[in-house]
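What follows is a set of notes on a single structure, which appears directly below.
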Amino acid sequence: MFSFAGINNLTLFYSEFRIKQIFMYIKDGLKQLLNEFDIEPNADPGLKLQTYLSLLEKWNSRVNLTASIAWSALEPLFREGIWASLKYPAAACRSHLDIGSGAGFPAIILHVFNMEMNLELVESRGKKGAFLETVAWELGLAGTRVHVKRLEDLLTVNEPGKKIWDCVSWKAIRLTSRDLLNLREHVNENTQFWMFHGKEAAAEDARTLNANFILTDKQPIPGQKDSFLSIYRPNCFT
């Protein structure tokens, strides 16, 4: 006997089955990427990244974390984070401030491979802040704190010279001149500024950036066209 309910149930079953197939493909892609970097997928960092991937898939349906959860879209983000983690000076950078954290790339991955880090994430949007807090909890990233506020507001409540970060990073945003100058009040002579950017520097005014910071390294990000990691130091100690 014909049944619309039966068709709807079959359609739902097929949709759920297809979603599971797609996510298994994505997880396999992550495992292959880990193997490419000689990282055992079943080791602690590999398992944490797989949990991170699962949380992205779960949350992205109700919070716009990434443009897509297709592996073709996520692979460059995971590759960038793992690549940067292998370059990260963990011994010198124990306290890290990440600005405009969004879905957590690349700061969460940096923390996964540097578990002694004290990471502060600044994200002004409440839903994304809740996601980041969930990720930190589920991955066991002790020493992580999420600030659901703008950078300007965070720096306002921290008296200059009292709160010092060893490393400051940002991606997919352009810092204002005011932000850059305020950040200089919360650094020491060894603080590194990690800027993930495209063809142009991720600052609204390049003159302010170049007048107050010294570029010490610039490297192309593997697998991404016209994408770079530039590392700066403040020049106020020279």
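No lab work stands behind these numbers, since they all come straight from the coordinates. On a predicted model such as this, the values are computed, not experimentally measured, just so you know. Cβ coordinates were reconstructed from backbone atoms using ideal geometry, including for glycine residues, and neighbour counts include every protein chain displayed.
As a size descriptor, the averaged projected area of the C-alpha convex hull of segment 71-234 was calculated at 9.0 nm². Placing dummy labels 7 Å off each Cα toward the beta-carbon, the span from ASN188 to ASP153 is 3.0 nm. Spin-label model, ARG174 to ALA142: label points 7 Å out along the Cα-to-beta-carbon direction sit 4.2 nm apart. Which one of ASN190, THR51, SER101 is farthest out on the positive end of the charge dipole of the chain, using unit charges on Cβ (Lys, Arg +1; Asp, Glu -1) and the Cα centre as origin? Looking along the dipole axis, the top candidate is SER101. Among the trypsin sites (Lys or Arg not before Pro) within segment 188-238, those in coil by DSSP and having at most 13 neighbouring Cβ atoms inside 10 Å are LYS199, LYS225. Magnitude of the charge dipole for the chain, about its Cα centre and with charges confined to Cβ atoms of Lys, Arg (+1) and Asp, Glu (-1), is about 440 debye.
This ranking places ASP153, ASP38, ASP166, ASP205 by how few other beta-carbon atoms lie within 10 Å of each, fewest first, which gives ASP38, ASP153, ASP205, ASP166. So, R0 is 25 Å and r is the distance between the beta-carbons of ASP205 and LYS87; what FRET efficiency does that work out to, to 0.05? With R0 = 25 Å, the Cβ-Cβ based efficiency is 0.35. Longer than 30 Å from Cα to Cα, which of LYS48/LYS162; LYS58/LYS199; LYS27/LYS128; LYS87/LYS128 are they? Say none if no pair is. Exceeds cut-off: LYS48/LYS162; LYS58/LYS199.
Pull out the extension gain between MET115 and ASP28, defined as 0.36 nm times the separation in residues minus the alpha carbon to alpha carbon distance; nm, one decimal.
28.9 nm
For LYS163, the lysines whose Cα comes closer than 20 Å to its Cα, not counting residues fewer than 8 places off in the same chain, are LYS149.
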